[in-house]
Amino acid sequence: MQDFQQEDIFLNLTDELNESSELIPLLSSEDEEQFNKEKTPKQLPILPLKNMVLFPGVVLPITVGRDKSIELIQKAYKGDKTVGVVAQKNAKIEEPKVIDLYSIGTVARILKLLKMPDGSTTVIIQGKKRFELSTITQEEPYLIAEVKAYGQDTVKADSDKEFEALISSIKDLANNIIKLSPQLPSEAVLAIKNIESPGFLINFIASNMRAEIQEKQELLELTEIKKRATLLLEKLTKNLQLLELKNDIQEKVKTDIDQQQREFFLNQQMKTIQEELGGSPTDQEVKAFEKKSKQKKWGKEVQKVFDKELNKLKRMNPASSEFSVQINYIENLVELPWNEYTKDNFDLKKAQNILDADHSGLEKVKDRIIEHLAVLKLKKDMKAPIICLHGPPGVGKTSLGKSIAQALNRKYIRMSLGGLRDEAEIRGHRRTYIGAMPGRILQNIKKVKSSNPVFILDEVDKVSADYHGDPSSALLEVLDPEQNNTFHDNFIEVDYDLSKVMFIATANNISKIQPALRDRMEMIHVSGYTVEEKVNIAQKHLIPKLIKEHGLKKTDIQIDKAVTEKLIEGYTMESGVRTLEKKLAKLVRNAAKNIALEKKYSKKVKKDALVDILGKSISKDKYKNNQHVGVVTGLAWTSVGGDILFIESSINKGKGKLNLTGNLGNVMKESAQLALQFLKSNHKLIGISPEVFDQHDLHIHVPQGAVKKDGPSAGITMLTSIASIFTNRKVKSHLAMSGEITLRGEVLPVGGIKEKILAAKRAGIKEIILCKENQKDIDEINTKYLKGLKFYYVTKMTEVLRIALLKEKVKRK
């Protein structure tokens, strides 16, 4: 029960009515009948209630806090003192709408309006009869609604023996609940005893029992008094059972405390007996630790620390909180693989075959691993390299680590650093804390039981820092070959040799890696795959893997190279193969579905079937034409590979203002300013008067404004676009370019060349202008991927204009 919190109001309201100490009598059957005879008003101001339901005949004190409710109460109190009270469905809503209220409420009369000493307003209301909300006629300053009468209790039920028994049971249960609840006043029993009206008795108890608002509302909405009495009896029975259970638990807790004291003395006696017999659990653990320590290959310093900590454990009381920390420390100490290594595989040809079988391309990485194996084979003892594979997502950086471990015949560990923000994750916690443990570096090494595993530090560029410390700074020691032979973990507190561990970090964006950390690693760029490489990967690796994973046979589905190539070009736009794998999986699932449903289908997937299975292909930027002046095609690098972008320029009469749009970063904006300033200084090169720049406003726009764009590589593209718009000269057809510019008129090299070249080929570009220094990047690309492309290598901005701009002009105003 809700502590029968209103019974003092029904009996004596002297606490709230200091000045009048008037009594409000309990409702009789005649009063209830009189309430039922009263007509329900057609319109009522609606007062929403939080956490309570008003029943007919029941008197409730309500503290009114909302401004709307205060205005409603004050106005109603000056008028006919009648309001409609409706419970809220959710008490957290401060400004309830009609949808937030229950549809059934109670017509109420305001008995008293009180100003409390703390400034709040308290109103005492008495429920009369139920109503149903019909139509809202006003929402401000408070709700007013049209209402209609809802149900009516049958008061005279004297001849119904079953109903009399229900009422008697309800009274008994209510009295038992009051007796079992010491916080409830004994006057509540007297109040229940003096209630004559069955209907009011049900309402009185329902209003004050401990129940959810939904349950009370359910009682209010029941029109048959007999059903309401039955439901109330069920809920009171449940409340009584909960109270009895609560009292039993309190008694049991008291007994349990006595039991714990008894068990403590027995345990002490048992401990004494065990010590006499030489079979103490602590002694057994100590012996187990000593046995393990004899098998360890650790040095004298570690042995000294172990002996010291073990002697400390022997002197400890097993009941102390430090005992579990000490046990945990010694366990970690003996479980670590001190100077325990797996034997490397020095068969270089076999290692090369394993790497080639698992991954297509990635020649630089494979060569570096084979080089390391070759030196290790000759020297036998060498510090492992710290390699960082960086490149776009989905190109096989993480999976390559597993292949390297297999090729070297070493254990494999992968630790994701994405979102890591606590230094203790790397270095471990200090032993002063309960629940302290080593860092994840040593935990993983302990797990694989080897001190020379291949350790993948995944997503090293996504490490973040907060008040717990900077994990990337803690990695400086881990990834430094000159320091990691004495790696210090805060928990172990003994130097551990990590120099034989081959750490391979992976990253998408190396600019986000701390410079000092980047300097410690050997950076190897893993570029995106060409269409031909993706087709090869799909045919050799992805399709066989997916067929096996989906429970199919090789004969159940056939996807040839032509279909794979169309799928790559029409349904993927990435440097890696993750999206490609998802699309191929959809084709395999389609075959599996047809087999399961026993439907006929073509086992050989055709190009035409891709639209039916995968939907429409995605649209990509393609080169269009050179009919418009001021529109030039540039090459861009993104985290998911290369792409083309268009630089558009237009001029109009003005005062020489430069306007830049397209969500450009600061570096890209500076490139536009550099290009314009260069052309102003060298206006004779393009054959226009210097006054033209001051008499026209220039607007440069880069489409796809929702995408953030930045970097210096659009410099020569912007230069060409501005020169084209001011001279009316067309730009060479099927031409794209990429390069940084300077005020001196030089063209500087840029990065991401392979990705940009692949993007140019996809877009139908035939000629490309690059910086002379980028020629070495082109030389590294397989010549078969450069087929159909012509390159111009430049050092000066004037060379760019000479190559890019045609003499043909466009006629325009």
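The values are calculated or read from the model by the stated rules, or taken from the named source; none is laboratory data. All values derive from a computational prediction rather than experimental measurement. Virtual Cβ from ideal backbone geometry, glycine too; neighbours counted across all protein chains shown. Just so you know, the surface numbers come from the protein's heavy atoms only, side chains and all, with ligands and any DNA or RNA stripped out. Shrake-Rupley method; radii C 1.70, N 1.55, O 1.52, S 1.80 Å.
Closer than 17 Å to Val58 by Cβ and modelled with pLDDT of 80 or more: which single residue out of Ala229, Ala165, Ala188, Ala145 fits that description?
Details: Ala165 fails: closer than 17 Å to Val58 by Cβ; Ala188 fails: modelled with pLDDT of 80 or more; Ala145 fails: closer than 17 Å to Val58 by Cβ.
Only one candidate passes the filter, namely Ala229.
Looking at Lys89, Lys78, Lys97 in this structure, which one is open to solvent by 70 Å² or more (accessible area, probe 1.4 Å) and closer than 15 Å to Gln138 by Cα? Let's see the steps before the verdict.
Numbers: Lys89 fails: closer than 15 Å to Gln138 by Cα; Lys78 fails: closer than 15 Å to Gln138 by Cα.
After ruling out the rest, the residue left standing is Lys97.
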* Asked: With the stretch 491-563 as the region, which helices (runs of 4 or more DSSP H) entirely inside it contain at least 3 residues that are open to solvent by 10 Å² or more (accessible area, probe 1.4 Å), closer than 24 Å to Glu780 by Cα and not aliphatic (A, V, I, L, M)?
  -> 531-537
* Structure fact -> In the stretch 764-780, anything open to solvent by 20 Å² or more (accessible area, probe 1.4 Å) and not polar (S, T, N, Q) is listed as Gly764, Lys766, Glu767, Lys772, Glu773, Lys776, Asp777, Asp779, Glu780
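Quick one: would you say Pro337 is open to solvent by less than 50 Å² (accessible area, probe 1.4 Å) and not in a helix (DSSP H, G or I)?
Values: open to solvent by less than 50 Å² (accessible area, probe 1.4 Å): yes; not in a helix (DSSP H, G or I): yes.
It is true that Pro337 is open to solvent by less than 50 Å² (accessible area, probe 1.4 Å) and not in a helix (DSSP H, G or I).
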* Which listed residue, of Asp356, Asp347, Asp367, is open to solvent by 50 Å² or more (accessible area, probe 1.4 Å) and farther than 26 Å from Thr506 by Cα -> Asp347
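Given the condition over 30 Å from Pro749 (Cα atoms), more than 33 Å from the chain's Cα centre (by Cα), modelled with pLDDT under 90 and surrounded by fewer than 14 Cβ atoms within 10 Å (Cβ to Cβ), answer yes or no: does some residue in the stretch 611-628 qualify?
Going residue by residue through the stretch 611-628, those that are over 30 Å from Pro749 (Cα atoms) are 611-619.
Still in the list and also more than 33 Å from the chain's Cα centre (by Cα): 611-612.
Still in the running and modelled with pLDDT under 90: 611-612.
So of that shortlist, the ones also surrounded by fewer than 14 Cβ atoms within 10 Å (Cβ to Cβ) come out as 611-612.
Yes: the stretch 611-628 contains one or more residues that are over 30 Å from Pro749 (Cα atoms), more than 33 Å from the chain's Cα centre (by Cα), modelled with pLDDT under 90 and surrounded by fewer than 14 Cβ atoms within 10 Å (Cβ to Cβ).
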* **Cβ pairs under 8 Å, 6+ apart, first in the stretch 775-795 and under 13 Å from Lys761 (Cβ atoms) and of a type outside the set (Ser, Thr, Tyr), second part of a helix (DSSP H, G or I) and open to solvent by 30 Å² or more (accessible area, probe 1.4 Å)** => Ile781/Lys754; Lys784/Glu532; Gly788/Lys761; Leu789/Lys761; Phe791/Gln775
* Asked: If you go through the stretch 728-744 one residue at a time, do you hit one that is open to solvent by 40 Å² or more (accessible area, probe 1.4 Å), under 30 Å from Gly394 (Cβ atoms) and either outside any loop (DSSP other than H, G, I, E, B) or not acidic (Asp, Glu) (or both)?
  -> yes
* Filter result (assigned to a loop (DSSP other than H, G, I, E, B) and either over 18 Å from Glu212 (Cβ atoms) or of a type in the set (Phe, Trp, Tyr) (or both)) within the stretch 59-95 -> Gly65, Arg66, Gly79, Asp80, Lys81, Glu94, Glu95
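Picking from Glu22, Glu38, Glu7, Glu33, which residue would you name as being of a type in the set (Asp, Glu), open to solvent by 20 Å² or more (accessible area, probe 1.4 Å), modelled with pLDDT under 65 and more than 46 Å from the chain's Cα centre (by Cα)? Before you say what the answer is, go through the steps one by one.
Working: Glu38 fails: modelled with pLDDT under 65; Glu7 fails: open to solvent by 20 Å² or more (accessible area, probe 1.4 Å); Glu33 fails: modelled with pLDDT under 65.
After applying the criteria, what remains is Glu22.
Answer with yes or no whether Ser320 is more than 18 Å from Val501 (Cβ to Cβ) and open to solvent by 60 Å² or more (accessible area, probe 1.4 Å).
Values: more than 18 Å from Val501 (Cβ to Cβ): yes; open to solvent by 60 Å² or more (accessible area, probe 1.4 Å): no.
It is false that Ser320 is more than 18 Å from Val501 (Cβ to Cβ) and open to solvent by 60 Å² or more (accessible area, probe 1.4 Å).
If I go through the stretch 290-316 residue by residue, how many of them are under 25 Å from Gln268 (Cβ atoms) and either assigned to a helix (DSSP H, G or I) or in contact with a strand residue (DSSP E or B) (Cβ under 9 Å, 6 or more places away or on another chain) (or both)? Give the derivation first.
Restricting attention to the stretch 290-316, the residues satisfying the condition of being under 25 Å from Gln268 (Cβ atoms) are 310-316.
In the following step, the residues that additionally are either assigned to a helix (DSSP H, G or I) or in contact with a strand residue (DSSP E or B) (Cβ under 9 Å, 6 or more places away or on another chain) (or both) were identified as 310-315.
Residues that pass the stated criteria total 6.
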* **Elements of type strands (runs of 3 or more DSSP E) in the stretch 756-813, at least 2 residues being touching a Gly at 6+ places or on another chain (Cβ under 9 Å) and not basic (Lys, Arg)** => 767-771
* Structure fact -> Taking the stretch 101-129 and the residues there that are of a type in the set (Gly, Ala, Ser) and either touching a strand residue (DSSP E or B) at 6+ places or on another chain (Cβ under 9 Å) or touching a residue at least 24 places away in the same chain (Cβ under 8 Å) (or both), the one that is surrounded by the fewest Cβ atoms within 10 Å (Cβ to Cβ) would be Ser120
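Can you spot a residue in the stretch 707-714 that is among the charged types (D, E, K, R), open to solvent by 40 Å² or more (accessible area, probe 1.4 Å) and either closer than 25 Å to Thr530 by Cβ or not in a loop (DSSP other than H, G, I, E, B) (or both)? Explain how you work it out, then say what you get.
First, the residues of the stretch 707-714 that are among the charged types (D, E, K, R): 708-710.
With the extra rule that they be open to solvent by 40 Å² or more (accessible area, probe 1.4 Å), the set shrinks to 708, 710.
Of the ones still in play, those that are also either closer than 25 Å to Thr530 by Cβ or not in a loop (DSSP other than H, G, I, E, B) (or both) are none.
No, the stretch 707-714 contains no residue that is among the charged types (D, E, K, R), open to solvent by 40 Å² or more (accessible area, probe 1.4 Å) and either closer than 25 Å to Thr530 by Cβ or not in a loop (DSSP other than H, G, I, E, B) (or both).
Being among the β-branched types (Val, Ile, Thr), out of contact with any His (no Cβ under 7 Å at 6 or more places or on another chain), within 26 Å of Glu363 (Cα to Cα) and in contact (Cβ under 8 Å) with a residue 60 or more places away in the chain narrows it down to one of Thr572, Thr579, Thr564, so name that one. Before the answer, list the steps.
Details: Thr572 fails: in contact (Cβ under 8 Å) with a residue 60 or more places away in the chain; Thr564 fails: in contact (Cβ under 8 Å) with a residue 60 or more places away in the chain.
Being among the β-branched types (Val, Ile, Thr), out of contact with any His (no Cβ under 7 Å at 6 or more places or on another chain), within 26 Å of Glu363 (Cα to Cα) and in contact (Cβ under 8 Å) with a residue 60 or more places away in the chain holds for just one of Thr572, Thr579, Thr564, which is Thr579.
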* Asked: So, of the residues in the stretch 652-680 that are in a helix (DSSP H, G or I) and surrounded by fewer than 19 Cβ atoms within 10 Å (Cβ to Cβ), which turns out to be modelled with the lowest pLDDT?
  -> Lys680
* Asked: Given Leu389, Leu378, which one is farther than 20 Å from Ala538 by Cβ and surrounded by fewer than 20 Cβ atoms within 10 Å (Cβ to Cβ)?
  -> Leu378
* Within the stretch 695-723, how many residues are within 11 Å of Ile651 (Cα to Cα) and over 39 Å from the mean Cα position of the chain (by Cα)? -> 6
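Any idea which of Glu164, Glu132 is without any contact (Cβ under 8 Å) to a residue 24 or more places away in the chain and either β-branched (Val, Ile, Thr) or within 26 Å of Glu234 (Cβ to Cβ) (or both)? Lay out the reasoning, then the answer.
Working: Glu132 fails: without any contact (Cβ under 8 Å) to a residue 24 or more places away in the chain.
Result of the check over Glu164, Glu132: Glu164.
Yes or no, residue by residue, for (1) charged (D, E, K, R); (2) assigned to a helix (DSSP H, G or I):
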{"residue": "Pro318", "(1), (2)": "no, no"}
{"residue": "Tyr341", "(1), (2)": "no, no"}
{"residue": "Asp344", "(1), (2)": "yes, no"}
{"residue": "Glu371", "(1), (2)": "yes, yes"}
{"residue": "Lys383", "(1), (2)": "yes, no"}
{"residue": "Leu400", "(1), (2)": "no, yes"}
* Structure fact -> Given (1) surrounded by 19 or more Cβ atoms within 10 Å (Cβ to Cβ); (2) modelled with pLDDT of 85 or more; (3) in contact with a Leu (Cβ under 9 Å, 6 or more places away or on another chain), Ser472 misses just (2)
* Only listed residue being at pLDDT below 85 and farther than 29 Å from Val325 by Cα, chosen from Asp466, Asp458, Asp480 -> Asp480
